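Trainee: Quick one: the structure is below, and I'll ask about it shortly.
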Amino acid sequence: MDSKEKLLIDELCRRTRQQIFHERDILALLILLRGHAAAESPVRELADFIAHREKERGALKKYVQHVVAYGQALANGTAGQLKIDPVFTAAAFRDSLNSVLAGLSIPVFPNGLTDDVLACTMSLLQDVRIFHEKKEIGRLGLARLAGDLWLCGSVIMQPKGVQVVFPALIVPNRYCAPGDAERMWFSGLVEARSTKGKLRFYVGGRELT
């Protein structure tokens with residue numbers, strides 16, 4: 001790591017700790033950290049996804065393929081043989097992020113702050129398209145359910161056009177009012193930014209309460 005890269009990472013970590021950051025700062029931080037993260041680790045996988053938004057490989061691609069397999073099993077009456085789990089837990093992301101920071105001799109983030117970083121990462125991944133053999137098989141969307149924030153994989157199963165949705169990433173929702181099954185999706189693209197010591201969500205420039 002050269003001195004300029006270290007300066008940039010240190011400044012982005014300082015802004016994050018002081019809760020004066022925008023999701024764009026988290027994008028920049030993850031891009032800078034991905035080369036220092038272990039292969040297939042949460043930080044490396046999610047940073048790669050952010051950097052290359054239309055994906056044909058990686059953990060989230062495998063996740064959406066698993067959702068497709070679940071939908072097919074559901075149609076065949078064998079869905080009970082499959083289980084859909086999040087790609088990474090919030091704890092796994094926390095451990096991965098702090099491992100990278102510690103390896104660079106940078107103080108680690110507390111648990112609540114790593115949740116904020118994950119929430120920004122989920123916001124950044126809205127509307128990412130997943131491809132298989134050059135054909136779009138699914139998209140990622142942001143939803144709020146029962147006090148949690150979900151980054152969901154959404155697949156339309158053919159031939160009946162049934163939508164199958166499962167959470168790819170989950171973090172406790174401290175950023176806006178919770179939704180329910182009837183209003184789980186946001187009304188537009190979410191923007192995450194932290195001011196006055198708290199991360200909040202905005203849609204169309206208006207804060208969600």
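The values are calculated or read from the model by the stated rules, or taken from the named source; none is laboratory data. If you're wondering where the values come from, they're calculated on a predicted model, not measured in any experiment. Here Cβ is always computed from backbone atoms with ideal geometry, including for glycine, and neighbour counts include all displayed protein chains.
Trainee: Hey, does the range 152-165 have a residue that's closer than 30 Å to LEU8 by Cα and crowded, with 22+ Cβ neighbours inside 10 Å? Talk me through it step by step, then tell me what you get.
Mentor: Applying the first criterion (closer than 30 Å to LEU8 by Cα) to the range 152-165 yields none.
Among the residues of the range 152-165, not one is closer than 30 Å to LEU8 by Cα and crowded, with 22+ Cβ neighbours inside 10 Å, which makes the answer no.
Trainee: Kindly indicate whether any position in the range 195-205 is under 21 Å from GLU45 (Cβ atoms) and in contact (Cβ under 8 Å) with a residue 12 or more places away in the chain. Break it down stepwise before answering.
Mentor: Keep residues of the range 195-205 that are under 21 Å from GLU45 (Cβ atoms), which gives none.
Looking for residues that are under 21 Å from GLU45 (Cβ atoms) and in contact (Cβ under 8 Å) with a residue 12 or more places away in the chain, one finds none in the range 195-205, hence no.
Trainee: In this structure, is ARG144 touching a helix residue (DSSP H, G or I) at 6+ places or on another chain (Cβ under 9 Å), under 20 Å from LEU118 (Cβ atoms) and at pLDDT 75 or above?
Mentor: no
Trainee: Check whether at least one residue in the range 178-190 is of a type in the set (Gly, Ala, Ser) and within 15 Å of the chain's Cα centre (by Cα), and report yes or no. Even if it seems obvious, please write down each step before you answer.
Mentor: Of the range 178-190, the ones of a type in the set (Gly, Ala, Ser) are 179, 181, 187-188.
So of that shortlist, the ones also within 15 Å of the chain's Cα centre (by Cα) come out as none.
No, that holds for no residue.
Trainee: Restricting attention to the range 25-81, which residues are at pLDDT 65 or above, assigned to a loop (DSSP other than H, G, I, E, B) and over 17 Å from the mean Cα position of the chain (by Cα)?
Mentor: Those that are at pLDDT 65 or above, assigned to a loop (DSSP other than H, G, I, E, B) and over 17 Å from the mean Cα position of the chain (by Cα): ALA38, ALA39.
Trainee: Suppose we filter the range 15-50 for residues that are in contact with a Leu (Cβ under 8 Å, 6 or more places away or on another chain) and of a type in the set (Val, Ile, Thr); how many remain?
Mentor: The qualifying residues number 4.
Trainee: With the condition kept exactly as written, say whether any residue in the range 160-167 is over 16 Å from the mean Cα position of the chain (by Cα), closer than 21 Å to TYR63 by Cβ, in a loop (DSSP other than H, G, I, E, B) and of a type outside the set (S, T, N, Q).
Mentor: To start, the set of residues in the range 160-167 that are over 16 Å from the mean Cα position of the chain (by Cα) comprises 160-164.
Remaining after also requiring closer than 21 Å to TYR63 by Cβ: 162-164.
If we keep only those that are in a loop (DSSP other than H, G, I, E, B) too, we end up with none.
Checked the range 160-167: no residue is over 16 Å from the mean Cα position of the chain (by Cα), closer than 21 Å to TYR63 by Cβ, in a loop (DSSP other than H, G, I, E, B) and of a type outside the set (S, T, N, Q).
Trainee: So, in the range 165-205, exactly how many residues are out of contact with any Phe, Trp or Tyr (no Cβ under 8 Å at 6 or more places or on another chain) and within 21 Å of ARG94 (Cα to Cα)?
Mentor: Number of matching residues: 6.
Trainee: Six or more apart or on different chains, Cβ under 9 Å: which pairs go from a residue in the range 24-51 that's buried (at least 18 other Cβ atoms within 10 Å of the Cβ) to one that's of a type in the set (Ser, Thr, Tyr) and part of a loop (DSSP other than H, G, I, E, B)? Could you list them?
Mentor: PRO42/THR89
Trainee: Can you say whether ILE170 is surrounded by 14 or more Cβ atoms within 10 Å (Cβ to Cβ), under 30 Å from ASP10 (Cα atoms), in contact with a Pro (Cβ under 9 Å, 6 or more places away or on another chain) and not acidic (Asp, Glu), as far as the supplied structure shows?
Mentor: Working: surrounded by 14 or more Cβ atoms within 10 Å (Cβ to Cβ): yes; under 30 Å from ASP10 (Cα atoms): yes; in contact with a Pro (Cβ under 9 Å, 6 or more places away or on another chain): yes; not acidic (Asp, Glu): yes.
Criteria met by ILE170.
Trainee: When you go through LEU151, LEU142 one by one, which is the residue that is out of contact with any Phe, Trp or Tyr (no Cβ under 8 Å at 6 or more places or on another chain) and part of a strand (DSSP E or B)?
Mentor: LEU151
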